Amino acid sequence: MEQTRLYELIRKYADDTATPEEIQELLDWYRSIHSFEIIEWPATYPAEKEELKQRMLQHLEQRLSESASAHPTDAPAAPAPSPAPRPLPLPRIYHQPWLRVAASLLLVAGAWLIWQSLRPHETAWLSLHNPSGKIQHIRLPDSSQVWLNAESSLRYAQDFHKQRELYLEGEAYFDVTEDKTHPFTVHAGELTTTVLGTGFDIKSFAADSQNAVTVIRGKVEVAHNGKVLDQLTAARQLQWDNHSRTSQILSVDTNQVLGWQQGQLLFKGQTMEEIAAALGRWYNVRLIFRDTTMRHCRYYINFKNTIPLKDLLTTMSLLNGMSFTIDDKNHLVTLSGKGCQ
């Protein structure tokens, strides 16, 4: 039975407003979970909880006593006990037979609810996917901010205040709210980045040969399979090679690293292969090369990310004599021209 439904039946039972059908529903539920031994009442206020618990315990004792006298055994009678003090009269509402059953039922129902609340629950995760052609700004429950690049995904626990842990596929810039008791951890590819409060960028696309963690301000720790690779400070970048499983540390221009966050398609010495991957994610196309040596050509160019793809490629073609065709139907761009060694 759903917890919300059980709560409703319990309240109606306690208020004497339950219908015969609802009483039967509660009795059927009781028979299915009768083995509970913990006794508790899920009341809102402590005083209410204690009062109802004492009433029900008294009533349960009386019910058991009546049941025993109604079904005598053949065993010899025991000596008469000393007279016991006369029990206090129960409230009038509990003198009805079905309400005597209700006492034990409600106690067990409370136990079931307590048990449900203590059961280990699987962590609930929230997932976000940012499509091509846009940058998404996200404010996390702890007031940390994330800028998610195109064709990137982020996943984090719903109870984020207790577990500041995220999983990134793609690229994102994180501006982290400081919380020394709850470290902020990002899993991206094979790397794990942990901080207390800082600003940093992670680039980790599955198709890329390299991942990178860049610190804009503050300090972060980067690890691989539990082994710390380095502690990075501002303007330092850790590059991880996915093939050789090795890392290197570089000093970088943070303005270039965050160009995408500022709405720029900024390339300073990247190969045409790297540029094609970035353009593909932003414009939702696939770029192919007729001459594979074109992949090695490097460019120093900067465009606003609002520029149409055709205009961008036309400008690039003026630099190197490259030609191109665009197949809008299949989201395919073919590049032709002289390659670079």
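The values are calculated or read from the model by the stated rules, or taken from the named source; none is laboratory data. This structure is a prediction, so every number in the text was calculated from the model and none was measured. Cβ coordinates were reconstructed from backbone atoms using ideal geometry, including for glycine residues, and neighbour counts include every protein chain displayed. Heavy atoms of the whole protein, side chains included, go into the accessibility calculation; ligands, DNA and RNA do not. Shrake-Rupley method; radii C 1.70, N 1.55, O 1.52, S 1.80 Å.
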> Can we say Arg286 is open to solvent by 40 Å² or more (accessible area, probe 1.4 Å), within 20 Å of Asn149 (Cα to Cα) and of a type in the set (D, E, K, R)?
Replying inline: yes
Looking across region 297-313 at residues that are open to solvent by 60 Å² or more (accessible area, probe 1.4 Å) and among the polar types (S, T, N, Q), the single one that is farthest from Gly339 (Cα to Cα) is Thr306
In region 177-207, anything in contact (Cβ under 8 Å) with a residue 40 or more places away in the chain and open to solvent by less than 40 Å² (accessible area, probe 1.4 Å) is listed as Phe184, Leu191, Asp201, Phe205
Expected single match for of a type in the set (S, T, N, Q), open to solvent by 60 Å² or more (accessible area, probe 1.4 Å) and touching a residue at least 12 places away in the same chain (Cβ under 8 Å) among Ser127, Ser152, Ser144 is Ser127
Exactly one of Ser244, Ser251 is over 22 Å from Lys310 (Cα atoms) and either in contact (Cβ under 8 Å) with a residue 60 or more places away in the chain or touching a strand residue (DSSP E or B) at 6+ places or on another chain (Cβ under 7 Å) (or both), and that one is Ser251
Counting only residues in region 171-207 that are closer than 22 Å to Ala124 by Cβ and small (Gly, Ala, Ser), the one nearest to the chain's Cα centre (by Cα) is identified as Ala188
Considering region 260-271, residues that are assigned to a strand (DSSP E or B) and of a type outside the set (A, V, I, L, M, F, W, C), and then whichever is surrounded by the fewest Cβ atoms within 10 Å (Cβ to Cβ), we arrive at Gly269
Only one of Ala212, Ala235, Ala223 is aliphatic (A, V, I, L, M), touching a helix residue (DSSP H, G or I) at 6+ places or on another chain (Cβ under 7 Å) and open to solvent by 10 Å² or more (accessible area, probe 1.4 Å), namely Ala235
Per the filter on region 242-256, residues open to solvent by less than 40 Å² (accessible area, probe 1.4 Å) and over 16 Å from Gln270 (Cβ atoms) are Asn242, Thr254
Has region 229-237 got any residue that is of a type in the set (Gly, Ala, Ser) and within 23 Å of Glu274 (Cβ to Cβ)? yes
The lone condition Glu171 fails out of (1) within 30 Å of Gly280 (Cβ to Cβ); (2) touching a strand residue (DSSP E or B) at 6+ places or on another chain (Cβ under 6 Å); (3) open to solvent by 50 Å² or more (accessible area, probe 1.4 Å) is (3)
